[in-house]
Amino acid sequence: MKTRYLFVLLLTAACQQAPKEVIKEEKIIEKKIVMDKALRHVVLFKFKDSSPQAEVDKVVEAFMALSDKIDVIQSLEWGTNNSPEGLAQGFTHCFLVTFASEADRDTYLPHPEHKAFVEVLGPHLDKVLVVDYWATK
């Protein structure tokens, strides 16, 4: 009798619904899939050797502030080169801007806040490389 009761108890526990945390995890994955259908705008900077680090930091801060000033920017991230391959050709800073559409990117490029950022950048810029692509899996 005890064995039968234990079996029924285990069977009932096994039939319980999955915890809500799993559902949240599925939603996060679903959101990521939607985000990957986006236009990526990759910007690489090579700064002048004469630019002090404090000025380079101001350029980074000004670029990152664009996400709060231009609403068509879906996301914005940056980092410095960390490749061991020695192929960076002097480019040290990479920025990744995500847009939902080409129209959004076309709004961003001539935007007054973007133009103001370019003015901050200009005196310190040696080279720039820009690549835009549609993210695909």
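Using the Cβ-Cβ distance between Thr80 and Ala100 with R0 set to 22 Å, the FRET efficiency from 1/(1 + (r/R0)^6) comes to roughly 0.20. A crude spin-label estimate for the pair Ala65 and Asp126, with each label 7 Å from Cα along the Cβ direction, gives 2.6 nm. Remark: region 47-56, residue by residue, has Karplus-estimated 3J(HN,Hα) of 8, 5, 4, 7, 7, x, 4, 4, 6, 4 Hz, where x stands for each Gly or Pro and the curve is 6.51 cos²θ - 1.76 cosθ + 1.60 at θ = phi - 60°. Stretching the chain fully between Glu113 and Lys137 yields a gain of 5.4 nm (0.36 nm per residue, less the alpha carbon separation). Amide H contacts of Leu125 (H built 1.01 Å from N, in plane; Pro and chain starts excluded): Lys48 sit under 5 Å, all sequence-distant by 5 or more or on other chains.
I need the trypsin sites (Lys or Arg not before Pro) found in region 33-124, filtered to DSSP loop residues with at most 13 other beta carbons within 10 Å of theirs.
Lys37, Lys48
Residue-wise HN-Hα couplings along region 93-101, as the Karplus relation 6.51 cos²θ - 1.76 cosθ + 1.60 with θ = phi - 60° gives them from phi, are 10, 10, 10, 10, 10, 10, 10, 7, 7 Hz; Gly and Pro carry x. Quick check on region 37-134: take the gyration tensor over C-alpha atoms, sort the square-rooted eigenvalues as a ≥ b ≥ c, and tell me if it's rounded (a/c under 1.5), prolate or oblate. Oblate, because a/c is 1.5 or more while a/b does not exceed b/c. Under a 5 Å amide H cut-off, with hydrogens placed 1.01 Å from N, Asn81 pairs with His93, Cys94 among residues at least 5 apart or on other chains. Loop-resident GluC sites (Glu not before Pro) (DSSP state other than H, G, I, E or B) in region 74-132 with no more than 12 further Cβ atoms inside 10 Å of their Cβ: Glu85. Working note: Karplus 6.51/-1.76/1.60 with θ = phi - 60° gives region 81-88 the couplings 4, 9, 7, x, 7, x, 10, 6 Hz, where Gly and Pro are set to x.
Each value in this text was obtained by applying a stated rule to the coordinates, not by laboratory testing. Owing to the predicted nature of the structure, the values given are computational and were not obtained by experimental measurement. Cβ coordinates were reconstructed from backbone atoms using ideal geometry, including for glycine residues, and neighbour counts include every protein chain displayed.
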